[in-house]
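The values are calculated or read from the model by the stated rules, or taken from the named source; none is laboratory data. Model, not experiment: these values are computed from the prediction. Glycine gets a Cβ as well: all are built from the backbone with ideal geometry, and neighbour counts include every protein chain shown. When the accessible area is computed, the model is the full protein with side chains, heavy atoms only, and any ligands, DNA or RNA have been set aside. Shrake-Rupley method; radii C 1.70, N 1.55, O 1.52, S 1.80 Å.
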Amino acid sequence: MLSRRVTATLTFVLGFAVAAVAFDEDNGLHRAMESLKKHMKPLSQSIGDAAKNDETLKHLMDMQALTLESKTFDPPTAKDLKGEELAKHVNDYQADMTKLLVELATMELEVRAGDNAAAQARVKAGLVKMREDGHDKFQGEEEDERRK
Ligand code: HEM
């Protein structure tokens, strides 16, 4: 028979795990972003090679859809803001997300035009830079805490 202390500890840990999963499941933005991340490595491996254009275009179009999906959410940093400050913050988030969408669409057009080198250069100079800037501005502490 498990001791009362062991039972209490197990109940606490289980409760915490369920809460963490529930947060992730409810957090559509987090889910969309995790899916976006899954395309980054295979995209950077295929984009420079014209023979892999079909695969590259699939990644770019899925990432455009995930970016549009991310635009249907407010960032966690908006949670404690009100009035004009909230409106400005959400407007900035939407604008930065649209810049990501434009970058992905530009990469798609470059690949379709046979300019794979130009599209490849945008992985680091464009996507990675936009991710870092966007996360600095809109991710907030909770995300940093969660990733520790
Ligand atoms: C290709 C570009 C991007 C990728 C691959 C990406 C990837 C991710 C990943 C994997 C997460 C989960 C937590 C983490 O590991 O950091 C995340 C969270 C987040 N990202 Fe991005 N991101 C990108 C661009 C952006 C941009 C441009 C913005 C804002 C304009 C943004 C805003 C956020 C926010 C607000 C969260 C926190 C969501 C939450 O968990 O509540 N991301 N992103």
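Out of segment 72-92, which residues are open to solvent by 50 Å² or more (accessible area, probe 1.4 Å) and either closer than 19 Å to N27 by Cα or not charged (D, E, K, R) (or both)?
Applying the first criterion (open to solvent by 50 Å² or more (accessible area, probe 1.4 Å)) to segment 72-92 yields 72-74, 76, 79-80, 82-88, 91-92.
Within segment 72-92, T72, F73, D74, P76, K79, D80, G83, L86, A87, N91 qualify.
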Checking A105 against (1) more than 16 Å from the chain's Cα centre (by Cα); (2) over 18 Å from A32 (Cβ atoms), which test does it fail? (2)
Please give the helices (runs of 4 or more DSSP H) falling wholly within segment 83-142 in which 3 or more residues are near the ligand (Cβ under 9 Å from one of its atoms), in contact (Cβ under 8 Å) with a residue 12 or more places away in the chain and of a type outside the set (A, V, I, L, M). 83-112, 129-138
Would you check which residues across segment 70-100 are more than 16 Å from R131 (Cβ to Cβ), of a type in the set (D, E) and touching a helix residue (DSSP H, G or I) at 6+ places or on another chain (Cβ under 8 Å) and list them? D74
